[in-house]
Every structure is written in C-alpha cells, then in structure tokens.
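The values are calculated or read from the model by the stated rules, or taken from the named source; none is laboratory data. Everything numeric here is computed off the predicted structure, so don't read it as measured data. Glycine gets a Cβ as well: all are built from the backbone with ideal geometry, and neighbour counts include every protein chain shown. Calculation scope for accessible area: heavy atoms of the full protein, side chains included, ligands and nucleic acids excluded. Shrake-Rupley method; radii C 1.70, N 1.55, O 1.52, S 1.80 Å.
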Amino acid sequence: MKIIEPHVHMIARTVQDYERMARMHTVAICEPAFWAGYDRTSPQAFHDYFTHISEFEPTRAAQYLIQHYCWVCINPKEAEDVGFSREVISFIPEFLKKPTVLGLGEIGLHLSTKNEMTIFAEQVELALKHDQLIWIHTPHLNDKLRGTKLMLDYLTGHGGVDPDRVMFDHMEEHTLPLVLEHGFWAAMTVYPVTKNSPQRVIDAIETYGPDRLVVDASGDWGPSDPATLHDTIFEMRMRGHSDKAVERIFYNNPCQFLRQSGKFRLEMM
Amino acid sequence: MFYLHMRSALIETAATFDRIQAAEGADAVWRDRRLEKLREAAGFLQSDEPQRARRILESLSGEGPDA
C-alpha cells in the first residue's frame, strides 16, 4: 500500500522523518507554507522560505524516494499586517510557475480579524486568477468554529469558487459536516492533544463516508509526529476496513484532489 | 497547559461514548454495568467537592474482577 501525506512541514523535521515515512510506504508529501514559530522580520524572509520549500526540500525528499510538493502563501498567523502581507503576495506568482508548487496554501484565518479576512480574500482572488488549488488552514481550538463559518460564508457567497478545488484542513466533529455539505474537500489532522486522535478520525470516516475526505499528520516544529498518519491507518485496519477502503482515504483521495493542480505526478490506484 | 490536556481528555471520552453508541449491538453494550458506572462517575466532574479522582475510583471499586 502506498501513502500520500498531504500536510507536513518538513522544513522543521530531520531526515530521520523522511526515512521513517519512506519505510512506512509514504511516496509523496505536501508542504503548505505556514508560520515558523516566530514572526518573520521581512517579506524577503518569505521569499527565502518559498525557495526552500520549492527547491531544496524536493531534493532532500528524493533521497528517500519521496516526491515533495508545496503550497505558497502568506499564512494567517502573519497576515494581520496588510501592507506586509501584500508585499509577500506580490512575489507569489513567480513561485506558482514552479513544477512542484500545487497552489495557494495554507491560507485562512487565525484570530479571524478583519485584516486576516482581507488577506484571505485577496489570496483567494490570486488563486482564481492563476487557476490554482486552495488549501485552507482553519483556526485552532475554540476559534475554529467561528473562523470556519466565516470562510465558508465567504467562499459560498463568492460565486466564482469551485468547492471541488478547495481543501479545508484541521476539521473536527463540529466543522467537518459544514464543509462537506457545501461540497468542499475536508482534511482531518491527527495531532497529539490539540486536534484529532486516530480513533476520532476513523469515527468520522465511518460517520460521513469516504468522499472528499483526507487525513494528514501536519508534522511541524511543535509536538507532532508524521507517524500518527500511519497510526490512523492501523486503527482503520484494526476496525476491519478493507485494504481498498484504507487505500482510498490515504492515497486515492489526496491523489484525486492534488492531481487537479496539473503538477501532481502520481497516478490513482 | 492543564486546559488543553483536560479539553482533549474530555473530547476523547465523549468520542468514545459516541463510538460505542454508533456501533453494532450498541443497545446491549449501553446497558453494560461498567459503562453505566463510567457515566455515573462522570457526574463527579461537575461537583465542587475536592478529591474527584478518589471518589471516581471508589465509585468504580468493589464489584468483583469483571467490574
């Protein structure tokens, strides 16, 4: 069985994680652009960051037979300064031309402020202008429901957004049905303490079915582990789901969504 | 820090109750004495009295090896 990890921040991980993922049959990973754990001091720092994830990480991953893809954007946690954000947005189009850049992401909201919403909307427009996929970060913890609803309202009222080309990430029990019922894709993150456990992810798959649903471990610089994706595969198999059903969630579904970019090179199984 | 871990434990426990209720044969399992005792024990969390852990452990004690 082959596995696609749709969300991992490899800039914050060591080669041991590449090696572990490769040994657990991960064949492709995607790295959305996000906060580094500190606020960057200049727009140029984002240029360096985008260069790193679009040029250097693919070479590191290739040593472990893993295809590395990325998304670029100004992330919501650093989007409060509108002027600063627009400087970053100004050079995003040059990165959208690169062969492993899949679209705009992870755009979204953090505290759901007016400024964050302005930059979210401007990046949605940029994605539409360049015919790009969109990967959305939804807020953490108790801010998640409000922020998700704000973005859903914006996108469903927009009129020009195809929900089949948009992924809402970090879904949980209270936001997942909202996103799915509007025709968007949904990703569930397996994360210690602050997001989903493997058990809750499989509960959701059993409750809502496999359509437009993917799973990621969102490994980054904080408490997280790429292997939680594989823990979730084990949980699904332990509950008696067929290999084909498991493969759909952990390979075919992300493959189907990501292939819409025109750049994702793996084939459906 | 305590908040995040307590929040997580509460959600995980609620999800486990949901999982049991959604499972095949849930009606019989829902009446299982052990599950009833867990649901009763959850009531101690709403109390202002201290020693909640001790009272939960006491409430789950003394019903034999299968309890």
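Some notes on this structure:
- Enumeration of residues in the range A:176-188 that are within 14 Å of another protein chain (Cβ to nearest Cβ) and either surrounded by 24 or more Cβ atoms within 10 Å (Cβ to Cβ) or of a type in the set (Lys, Arg) (or both): A:Met188
- Test: A:Glu173 is within 14 Å of chain B (Cβ to nearest Cβ) and surrounded by fewer than 24 Cβ atoms within 10 Å (Cβ to Cβ): yes
- Any hit, the range B:18-25, residues being open to solvent by 60 Å² or more (accessible area, probe 1.4 Å), away from chain A (no Cβ under 14 Å) and out of contact with any His (no Cβ under 9 Å at 6 or more places or on another chain): no
- Screening A:Ala36 with (1) at pLDDT 95 or above; (2) outside any helix (DSSP H, G or I) gives one miss only, at (1).
- Single match in A:Ser261, A:Ser224 (criterion: among the small types (Gly, Ala, Ser), assigned to a loop (DSSP other than H, G, I, E, B) and closer than 18 Å to A:Trp71 by Cα): A:Ser261
- Of all residues in the range B:1-10 being facing chain A (nearest Cβ under 8 Å) and open to solvent by less than 60 Å² (accessible area, probe 1.4 Å), the one that is farthest from the chain's Cα centre (by Cα): B:Leu4
- From A:Leu96, A:Leu150, residue being within 25 Å of A:Gln256 (Cβ to Cβ) and hydrophobic (A, V, I, L, M, F, W, C): A:Leu96
- Yes/no for A:Thr194 being open to solvent by 10 Å² or more (accessible area, probe 1.4 Å) and either within 12 Å of another protein chain (Cβ to nearest Cβ) or more than 15 Å from the chain's Cα centre (by Cα) (or both): yes
- Residue in the range A:234-260 that is nearest to A:Asp216 (Cα to Cα), counting only those that are of a type in the set (S, T, N, Q) and open to solvent by 30 Å² or more (accessible area, probe 1.4 Å): A:Gln256
- Scanning the range A:42-86 for residues that are of a type in the set (Gly, Ala, Ser) and either touching a Phe, Trp or Tyr at 6+ places or on another chain (Cβ under 8 Å) or in a helix (DSSP H, G or I) (or both) gives A:Ala45, A:Ser54, A:Ala61, A:Ala62, A:Ala79, A:Gly83, A:Ser85.
- The set of residues in the range A:19-49 that are under 21 Å from A:Ile119 (Cα atoms) and surrounded by 22 or more Cβ atoms within 10 Å (Cβ to Cβ) comprises A:Glu31, A:Pro32, A:Ala33, A:Phe34, A:Phe46.
- Number of positions in the range A:139-170 that are touching a strand residue (DSSP E or B) at 6+ places or on another chain (Cβ under 6 Å) and surrounded by fewer than 21 Cβ atoms within 10 Å (Cβ to Cβ): 1
- For first residues located in the range A:104-130 and assigned to a helix (DSSP H, G or I), partners that are polar (S, T, N, Q) and open to solvent by less than 10 Å² (accessible area, probe 1.4 Å) and lie 6+ apart or on another chain with Cβ distances below 6 Å form the pairs A:Ile119/A:Ser85.
- Among residues of the range A:207-226, those that are open to solvent by 10 Å² or more (accessible area, probe 1.4 Å) and in contact (Cβ under 8 Å) with a residue 12 or more places away in the chain, counted: 10
- Qualifying helices (runs of 4 or more DSSP H) (wholly inside the range B:1-56; at least 3 residues being within 23 Å of A:Thr194 (Cα to Cα)): B:2-22
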